[in-house]
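Below you'll find the structure, written out as structure tokens, and then a few comments.
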Amino acid sequence: MTGLKLALPKGRLLGQTRALLERAEIGLDGYSDGGRHYRLASSRLADVGAKIFQERDIPIQVAIGNYDLGVCGCQWLEELVSGYPQIGLVRIADLGYGKGTVFAAVSAFSDYKSSQDLAGRKDVLRIVSEYPSIAMSVAVRLRLRRFQVFPLWGRAEAYLPENSDLAVLWRESGAGIHAEGLTPLFEVLAGGACLVANKSSWESRDLGMVVGRICHAVRSAQETGPSSLGPMPANTRQAPVENPTEFIWLALPDGHQQNHASKFLEKAGINVEGYSANTQNCYPAVSLPSVKVKIVRPQDMPIQVANGNFDLAVTGKDWLEDHKCRFPSSPVEEVLDLGFGRVKIVAAIDGAEPVENILQLKQWMRTRGGALRVASEYVNLADRFAREHHLVPYKVIPTWGATEAFIPEDADLLIENTETGRTLAEHNLRVIDTLAVSSACVIGNTNALNSPGRRAGILGVVDAMRKGLA
């Protein structure tokens, strides 16, 4: 991709960003929810191109100079700048849509009623967030005496109040916080989608034509009033569990694994009321006695089981292995292979390159020179793969999905999961090695499994789930 390069978001901001670009007469055909291509060219501006990313990847891609301009939510911009204040980003304009607020919130049953209550706490305050750098800045600003920030992939609300004291999370409104059975203590950051620029590009390149068109389109947009957000979900949050150690805690996955897991549990004869793609309940009721369930992200489960927040969890072997790469002695282990959600973890490269295997990859590296850029959601697996195969020099680029978009402009090698290989083939990517085969599994906390007081109850849950394998 040559000329002026834009990084554009998938997901929640896509529709309104597309409408803005149409009003700006930039003309990026194929930028749609159902689009299968990540690279776009302007039909009106010959020297303008774009690539589509997960929203949270955009600030870093612009900051390191891979893209001149980008559109993302202000919370992801602030998350990056909070951690790296001197990073090369310029906030050009607020775009007027995708608005929301980052809140500091507690359980509605919490004794905390204000930020002063937090500051007065003497023991460790546990904070969970998708935005760990913002959460850290909140703790420092409040001058908390003792605190711990636990980074998450998402669903911070599920950890209150049993596994955390405070959540730093983004919502469209405070009403959304209350509807989930939480109390917002204060606003951390408010805003919406914004246009950002690479600082070097902003100072040295002529971005005026594109920036001017976008800013003019923002100014000329007709005020249509607040859009309807639809009905708020019912508050399904339960009161805090008294004596939580008397229960077995089971974490079930959200996202694309939720439907598979729900069907498996149904086959096993385990009724989990409120666990479906159409519900927002973090605390579904389960038919197993003395068991409590929470719905969290599969990527977070290994570390949450390891630190004792859950006794058991249904996740993928890939995420367990990625966790164990970084923490080999972590007290978490696989206790039951569930069989569904089977994927391969593969190394893939641009199909245009003359590389069929690792040996040829090394030869290609010597010819090309420079560090091998390895992009992956599995940062620890990717690092181990590069080290074990002596692919030096290399650097691992963390991603949050849509990793196939990174090759060839922003990465040289992917460590990615694939079920059929179709998506990789559609993006002209060639698999040169298979790292592992992964499927859904039940993982358990080894300390709890070795505890005389908890082992029988935990294994009872595992045995009940084993019936779904028949």
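The values are calculated or read from the model by the stated rules, or taken from the named source; none is laboratory data. Since the structure is predicted, the reported quantities are computational estimates derived from the model, not experimental observations. Glycine also receives a Cβ, built like all others from the backbone with ideal geometry; neighbour counts cover every protein chain displayed.
Mind checking which helices (runs of 4 or more DSSP H) fall wholly inside segment 93-188 and carry at least 2 residues that are touching an Asp or Glu at 6+ places or on another chain (Cβ under 7 Å)?
Fully inside segment 93-188 and qualifying: 132-141.
Do you know which of the residues in segment 368-384 that are surrounded by fewer than 19 Cβ atoms within 10 Å (Cβ to Cβ) and not basic (Lys, Arg) is nearest to Thr403 (Cα to Cα)?
So, considering only residues that are surrounded by fewer than 19 Cβ atoms within 10 Å (Cβ to Cβ) and not basic (Lys, Arg), the one nearest to Thr403 (Cα to Cα) is Val379.
Which of the strands (runs of 3 or more DSSP E) contained wholly in segment 358-470 include at least 2 residues that are charged (D, E, K, R) and either touching a residue at least 40 places away in the same chain (Cβ under 8 Å) or assigned by TED's automatic domain parsing to the domain that holds Lys10 (or both)?
Here the list reads 429-438.
Scan segment 383-431 for residues that are at pLDDT 95 or above and on the phi > 0 side of the Ramachandran plot and jot them down.
If the condition is that a residue be at pLDDT 95 or above and on the phi > 0 side of the Ramachandran plot, then His390 is the only one that fits.
For segment 47-75, name all the residues that are among the small types (Gly, Ala, Ser) and closer than 13 Å to Val196 by Cα.
Start the filter on segment 47-75 by keeping residues that are among the small types (Gly, Ala, Ser), which leaves 49-50, 63, 65, 70, 73.
Ala63, Gly65, Gly70, Gly73, listed by residue number.
Hey, Glu25 hits all of (1) at positive phi; (2) assigned to a helix (DSSP H, G or I); (3) among the acidic types (Asp, Glu) but one; which does it fall short on?
The number of the failed condition is (2).
Kindly list the number of the only condition in (1) at pLDDT 95 or above; (2) within 30 Å of Val62 (Cβ to Cβ) that fails for Thr434.
(2)
Which numbered condition in (1) buried (at least 22 other Cβ atoms within 10 Å of the Cβ); (2) out of contact with any helix residue (DSSP H, G or I) (no Cβ under 7 Å at 6 or more places or on another chain); (3) assigned to a strand (DSSP E or B) is the only one that Asp57 fails?
Here Asp57 clears every test but (3).
Sort through Gly100, Gly120 and tell me the only one that's out of contact with any helix residue (DSSP H, G or I) (no Cβ under 7 Å at 6 or more places or on another chain), modelled with pLDDT of 95 or more and not charged (D, E, K, R).
On the way: Gly120 fails: modelled with pLDDT of 95 or more.
Step by step, each of Gly100, Gly120 is checked, and only Gly100 is out of contact with any helix residue (DSSP H, G or I) (no Cβ under 7 Å at 6 or more places or on another chain), modelled with pLDDT of 95 or more and not charged (D, E, K, R).
Answer yes or no: is there a residue in segment 312-321 that is under 16 Å from Ile458 (Cβ atoms), in the same structural domain as Gly460 (by TED's automatic domain parsing) and in a loop (DSSP other than H, G, I, E, B).
No: zero hits.
Give the residue that is surrounded by the most Cβ atoms within 10 Å (Cβ to Cβ), with candidates limited to residues of segment 324-338 that are in a loop (DSSP other than H, G, I, E, B) and touching a strand residue (DSSP E or B) at 6+ places or on another chain (Cβ under 7 Å).
So in segment 324-338, the residues in a loop (DSSP other than H, G, I, E, B) come out as 327-331, 338.
Subset that is touching a strand residue (DSSP E or B) at 6+ places or on another chain (Cβ under 7 Å): 331, 338.
Working: Pro331: 16, Leu338: 23.
Selected residue: Leu338.
Of the numbered conditions (1) touching a helix residue (DSSP H, G or I) at 6+ places or on another chain (Cβ under 7 Å); (2) assigned by TED's automatic domain parsing to the domain that holds Thr420; (3) surrounded by fewer than 21 Cβ atoms within 10 Å (Cβ to Cβ); (4) of a type in the set (Gly, Ala, Ser), Gly269 fails exactly one; give the number of that condition.
(2)
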